[in-house]
2 protein chains.
Amino acid sequence: MSTYKAPLDDLRFALYDVLDVEKQFAALGQDEASRDIVDAVLDEAARFTETVLAPLNAIGDEVGCTFDKDSAEVTPPPGFKEAFQQFAEGGWTGLTASPDHGGQGMPAVLGYALTEMVDAANLAWGNFPMLSHGAVEALKHYGTDWQKETFLKPLVDGRWTGTMCLTEPHCGTDLGLLRTRAEPNDDGSYNISGTKIFITAGEHDLVPNIVHLVLAKLPDAPPGPKGISLFVVPKFKVGQDGTIGERNTVRCGSIEHKMGIHGSVTCVMNFDGAQGYLVGEPHRGLQAMFVMMNSARLGVGVQGIGLSERAWQNALRYSRERLQSRSLSGPKLPDKPADPIIVHPDVRRMLLTVKSLLEGSRLMAMHAYSLLDVAHGAGDPAEREKAETLVSFLTPISKACQTEWSVENTYHALQCFGGHGYIREHGMEQLARDARITTLYEGTTGIQSLDLVGRKTASTQGAGLKLFIGMIEEFAKAHEGDAALAEFIAPLQAKAGEWAQLTTGMLQRAANNPEELGAASTDYLFYSGYVVLAYWWARSVAAANASAQNEAFRQAKLETARFYYARILPRTLAHKAAIEAGAEPLMAMAAERFGA
Amino acid sequence: MSTYKAPLDDLRFALYDVLDVEKQFAALGQDEASRDIVDAVLDEAARFTETVLAPLNAIGDEVGCTFDKDSAEVTPPPGFKEAFQQFAEGGWTGLTASPDHGGQGMPAVLGYALTEMVDAANLAWGNFPMLSHGAVEALKHYGTDWQKETFLKPLVDGRWTGTMCLTEPHCGTDLGLLRTRAEPNDDGSYNISGTKIFITAGEHDLVPNIVHLVLAKLPDAPPGPKGISLFVVPKFKVGQDGTIGERNTVRCGSIEHKMGIHGSVTCVMNFDGAQGYLVGEPHRGLQAMFVMMNSARLGVGVQGIGLSERAWQNALRYSRERLQSRSLSGPKLPDKPADPIIVHPDVRRMLLTVKSLLEGSRLMAMHAYSLLDVAHGAGDPAEREKAETLVSFLTPISKACQTEWSVENTYHALQCFGGHGYIREHGMEQLARDARITTLYEGTTGIQSLDLVGRKTASTQGAGLKLFIGMIEEFAKAHEGDAALAEFIAPLQAKAGEWAQLTTGMLQRAANNPEELGAASTDYLFYSGYVVLAYWWARSVAAANASAQNEAFRQAKLETARFYYARILPRTLAHKAAIEAGAEPLMAMAAERFGA
């Protein structure tokens, strides 16, 4: 069975030494997030996730969720309900929510740390609170006062949970095709009818009520994505005074049997004239949906890191324990029958790949969450806008890279176990199966890539990219002449220049042929991700050198950074070549020539 | 559910147009393999695998194998036994075996085609006959006349099946550590005692007897790998006259619960003084083991291709059927609500990646099998030795690349399905789970890579590499001035030169530091694989141009080759940089600094 211990040292290094959140919290007036409080939250989150959630991970996979056809009720795995109650009672569901809605108002970047621990401990379980988070965001921005009072507060305090009901059988990415209808009633409510699929946490018994955020079309809706509206539809109706009433006509039709995340329930939801309320303006549902979606995308990116962390810990432990063959440069443990496999260069290649992608990703993600704090809390509107632009640009990179790397990381970690990795009892194969969903839901990697090259680059004339390159230049300038960093800063600056050139070239080609953006998209996204990580590895070395961390910690950061620059960053060479090859090699083949 | 149709057009193109097997069969005197016969075998193999094996694939995954603790018997999934009986009755188990042992004496390269179809139709089922193949090879080369008569013939005609019992709980790669003991009896037999794990097809009811090939140590064995001997141990004892006698004291102790290949049983086998017979000379078991292993390694490589083919077919079908969003360059099916996703460049990127790796791999693998035919059948000893050297060099590349690419290909194919790919009913996630074993068993990718850089390159001064580069030069020379091939030949020759330089550099560094070989190994293996595939893609274009294939087929090969050169071959840039980075970035970190 795989085990988990929260990586508090690295989380604290990221928060205090690299991101210097104390300075940011002070600048944003987040006085409640004192270092004492933050440390206490980290310690308590570690305790909860290690002792309550982590032990339920394997049984959640083994038992899964069960669906009772007659009652249309879903029972999550044993222990999930009790754990959720503890989570809610501990105030974790509202950690980062506004005190106006019953939350604790802690910074988003601290919410990141909690979420990473939850996801590492038990990804499937983590989906129950995660989906609430998207609903909270939508209601916070677009809900009426009554909706906030009635639906938002119970979500924040964990009495209820939320869902996002977007996908239908014939439409996932292309929401303009959706068929769910909303008919207005005289009392201002609407009757929602249609079938939604892939609804995470759509039905369960962890809490007495579930708040569905549902995309549907009004009778007068224009065709396509501009005709979509957002509704809030509770499982049990709620009176004007907030009391729970009769069962609404929304029911789970069946649950999916999936490759992994068995403890997370994925429902077909049938809305049969269910009572709901319009959230935001008519036909402007897509806008509200993106608010939910951006939160969920960053959240899925964190899932990738959680899985990578758990995979890493177990692969490292096994690689130190498993004795097999001798080091190529002579026995390292001559008294033992063989050396631990961590002596072998190729095992080290796998371990260091995971370590460098994981710790680099952690900074990429935490930076994005810290930008959310700035975007919401900075006094200067220009600063807020800058943070907003940057986090918008980084969101698809963060989501796609962290999830793709979690597939890679769980792959390497399993591979370190040899044949034992394929056996269920070691728990490594569960991590690989669980990771596989993260590159699919809340927008596949392909969709993230299109978002990056289209809405986040072409449409903004590279505004986000320019800001990130500005960060690189600022860092390089601040450390000009620092001999300890020279080996990183020169290649980093070179990559930043190449990144800008690649972007210009891509946009120029796209001006003549719109397929060029799509053809470059995924390679461009990965290229960007590797350069972003190169920046964070250089910053990590700088921060470690400037910190009070012990020598072994500093040395490990330096060696991991060197590994990253020498053996991972060169992947950009292949992505660059693929981008520059353009659309022709992809588009030349007529669809019928692909095969029989 | 995923479906399967044998790719007979591409198999025939590979056999007749690219590899020109008719010429080879004639040169080797394999007169029984006339084109009529070969075509009939292909058609019948297609029929059998499509109609008998493919329908059992999903149920095999769902039901799996069951173990009865009291009887220590294993029951494979429903239909597996009947399918095996039909397979044996059809003469398929002995297709490529010598007529001396009851086989049909068909060429190994035709055996490839059968195996690919079996693996694509039902990988888990295919493990039952595959393991026999290794046992056949060992007994053919090292068995006594009585052993051949008694054990080899029933394996060839499919009355019995075989196993390879190598791994023990504390030793996988490092067989020198093994503890299983063999005590000589007065009658010339031995009593074998010990525990073996990960024994594929170790126990089942498909046939009445099972022939275990077991590595064990004699009482006077020197320590380490030079003290290992090979024994044949039947499940039921066999008399001198070949009659089946009493149950031998070898029993299945338990079966593993695995990530995939649920229909293939993986056993813990307990040998408790079981009667066995020495195969080959005492203490020379490792040599015999490598004969089994080489057969099994090529066989696992074929599994990768089978899975990639099935994944490919289903991803292509879905990408043509699924309507979602419009083409970036304007609607392609304006009458439909959306365009099929195959219009999108990034979906094409995934499909063409699979297609180019799959069809290129097929030639890489078939070439290796055709070399086995030459190595066994050529009249000229020098030609036999050359073929042997080349296939030895190509075996780790073929095994590791084809299996790693099957992980990648099943990944892309699942990704084409979006969220639907994660749901069991579509069958794509089974392919991904099944593929995951192939990079582990019969030597992980890391072990293949060490074999390539060590025994197959450093120890032979690059003999195999030189032969392959010679093939590239010969091809380039034969097509000098061929305008249709110039776009491929120039980069191919450049890569061949770079490959040779990289090898020299690696060997030079290794002369000073043995860790350099291990540090380069996996990147060197992939680099080699991509250049090998570049060769086969150039040859494919040449063969298609020279063939009577229709224009659409020729065009598709050309366009796939162009895609491969433009967007896949550049991966060598990243591998080259990683190789040249050397061992230092991998070895610098002390084991204790990796983490807590």
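When segment B:545-565 is filtered for residues that are facing another protein chain (nearest Cβ under 7 Å) and free of Cβ contacts under 8 Å to residues at least 12 places away in the same chain, the ones remaining, listed by number, are B:Ala552, B:Gln555, B:Ala556, B:Glu559. Sub-6 Å Cβ pairs linking a first residue in segment A:121-140 that is within 22 Å of A:Val63 (Cα to Cα) to a second residue that is crowded, with 24+ Cβ neighbours inside 10 Å and aromatic (Phe, Trp, Tyr), at least 6 apart or interchain, are A:Trp125/A:Phe80, ordered by first then second residue. Kindly provide the set of residues from segment B:182-217 that are closer than 17 Å to B:Gly280 by Cβ and assigned to a strand (DSSP E or B), ordered by number. B:Ala182, B:Pro184, B:Tyr190, B:Ile192, B:Val211, B:His212, B:Leu213, B:Val214, B:Leu215, B:Ala216, B:Lys217 - these are the residues of segment B:182-217 that are closer than 17 Å to B:Gly280 by Cβ and assigned to a strand (DSSP E or B). Within segment B:1-45, the set of residues being under 15 Å from B:Gly377 (Cα atoms) and either in a helix (DSSP H, G or I) or not small (Gly, Ala, Ser) (or both) comprises B:Val21, B:Glu22, B:Lys23, B:Gln24, B:Phe25, B:Ala26, B:Ala27, B:Leu28, B:Gln30, B:Asp31, B:Glu32.
Is there a residue being in a helix (DSSP H, G or I), in contact with a Pro (Cβ under 9 Å, 6 or more places away or on another chain) and aromatic (Phe, Trp, Tyr) anywhere in segment A:392-400? No - not one qualifying residue is present in segment A:392-400.
Right, A:Leu492: in a helix (DSSP H, G or I), touching a residue at least 40 places away in the same chain (Cβ under 8 Å) and within 30 Å of A:Ile579 (Cβ to Cβ) or not?
It is true that A:Leu492 is in a helix (DSSP H, G or I), touching a residue at least 40 places away in the same chain (Cβ under 8 Å) and within 30 Å of A:Ile579 (Cβ to Cβ).
Among the candidates B:Arg593, B:Arg554, which residue alone is within 19 Å of B:Glu487 (Cβ to Cβ) and either in contact with a His (Cβ under 9 Å, 6 or more places away or on another chain) or charged (D, E, K, R) (or both)? Testing whether each residue is within 19 Å of B:Glu487 (Cβ to Cβ) and either in contact with a His (Cβ under 9 Å, 6 or more places away or on another chain) or charged (D, E, K, R) (or both) leaves just B:Arg554.
The residues listed here are A:Ala58, A:Ala26; of these, the one that is small (Gly, Ala, Ser) and either under 22 Å from the mean Cα position of the chain (by Cα) or within 14 Å of chain B (Cβ to nearest Cβ) (or both) is A:Ala58.
Of everything in segment A:150-170 that is surrounded by fewer than 24 Cβ atoms within 10 Å (Cβ to Cβ) and touching a strand residue (DSSP E or B) at 6+ places or on another chain (Cβ under 9 Å), the residue that is nearest to A:Val232 (Cα to Cα) is A:Thr150. Residues in segment A:222-253 that are aromatic (Phe, Trp, Tyr) and under 16 Å from A:Arg179 (Cβ atoms): A:Phe231 alone. Number of residues in segment A:76-101 that are in contact with a helix residue (DSSP H, G or I) (Cβ under 9 Å, 6 or more places away or on another chain) and not in a helix (DSSP H, G or I): the value is 9.
Per the conditions (1) closer than 20 Å to A:Gln30 by Cβ; (2) of a type in the set (A, V, I, L, M, F, W, C); (3) buried (at least 24 other Cβ atoms within 10 Å of the Cβ), the sole criterion not satisfied by A:Met130 is (1). Could you tell me which residue of segment A:221-232 is surrounded by the fewest Cβ atoms within 10 Å (Cβ to Cβ), considering only residues that are in contact (Cβ under 8 Å) with a residue 60 or more places away in the chain and within 28 Å of the chain's Cα centre (by Cα)? Only one residue fits best here, namely A:Lys226. Does B:Met350 meet the test of being modelled with pLDDT of 95 or more and in contact with a Cys (Cβ under 8 Å, 6 or more places away or on another chain)? Yes: the conditions hold for B:Met350. Working only within segment A:409-437, note down all residues that are farther than 17 Å from B:Glu404 by Cβ, under 16 Å from the mean Cα position of the chain (by Cα) and facing another protein chain (nearest Cβ under 10 Å). A:Ile437, the sole residue that qualifies.
Residue selection: A:Tyr524 satisfies the criterion of being within 11 Å of chain B (Cβ to nearest Cβ) and within 23 Å of the chain's Cα centre (by Cα). With the requirement that a residue be assigned to a loop (DSSP other than H, G, I, E, B), more than 10 Å from chain B (Cβ to nearest Cβ) and not aliphatic (A, V, I, L, M), what does segment A:299-355 give you? Of everything in segment A:299-355, those that are assigned to a loop (DSSP other than H, G, I, E, B), more than 10 Å from chain B (Cβ to nearest Cβ) and not aliphatic (A, V, I, L, M) turn out to be A:Pro331, A:Pro334, A:Asp335, A:Lys336.
Here is the figure for segment A:566-596: residues that are more than 8 Å from every other protein chain (Cβ to nearest Cβ) and within 16 Å of A:Glu359 (Cβ to Cβ) total 2.
Listed here are the residues, each with its yes/no results for (1) over 29 Å from B:Arg562 (Cα atoms); (2) crowded, with 19+ Cβ neighbours inside 10 Å; (3) touching a Gly at 6+ places or on another chain (Cβ under 7 Å).
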site: B:Asp434; (1), (2), (3): yes, yes, yes
site: B:Gly446; (1), (2), (3): yes, yes, no
site: B:Gly464; (1), (2), (3): no, yes, no
site: B:Met471; (1), (2), (3): no, no, no
site: B:Leu485; (1), (2), (3): no, yes, no
site: B:Gln493; (1), (2), (3): no, no, no
site: B:Gly497; (1), (2), (3): no, no, no
site: B:Ala520; (1), (2), (3): no, yes, no
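What are the pairs, 6+ residues apart or on separate chains, where a residue within segment B:300-311 that is within 19 Å of A:Gly419 (Cα to Cα) has its Cβ under 8 Å from a residue that is part of a helix (DSSP H, G or I) and of a type in the set (Lys, Arg)? What qualifies is B:Val300/B:Lys399; B:Gly301/B:Lys399. Taken over segment A:234-256, the residue count meeting the criterion of being more than 15 Å from A:Lys69 (Cα to Cα), in contact (Cβ under 8 Å) with a residue 40 or more places away in the chain and assigned to a loop (DSSP other than H, G, I, E, B) is 2.
The values are calculated or read from the model by the stated rules, or taken from the named source; none is laboratory data. Keep in mind it's a predicted model, so treat the numbers as computed, not measured. All Cβ positions, glycine included, derive from the backbone under ideal geometry; neighbour counts span all protein chains shown.
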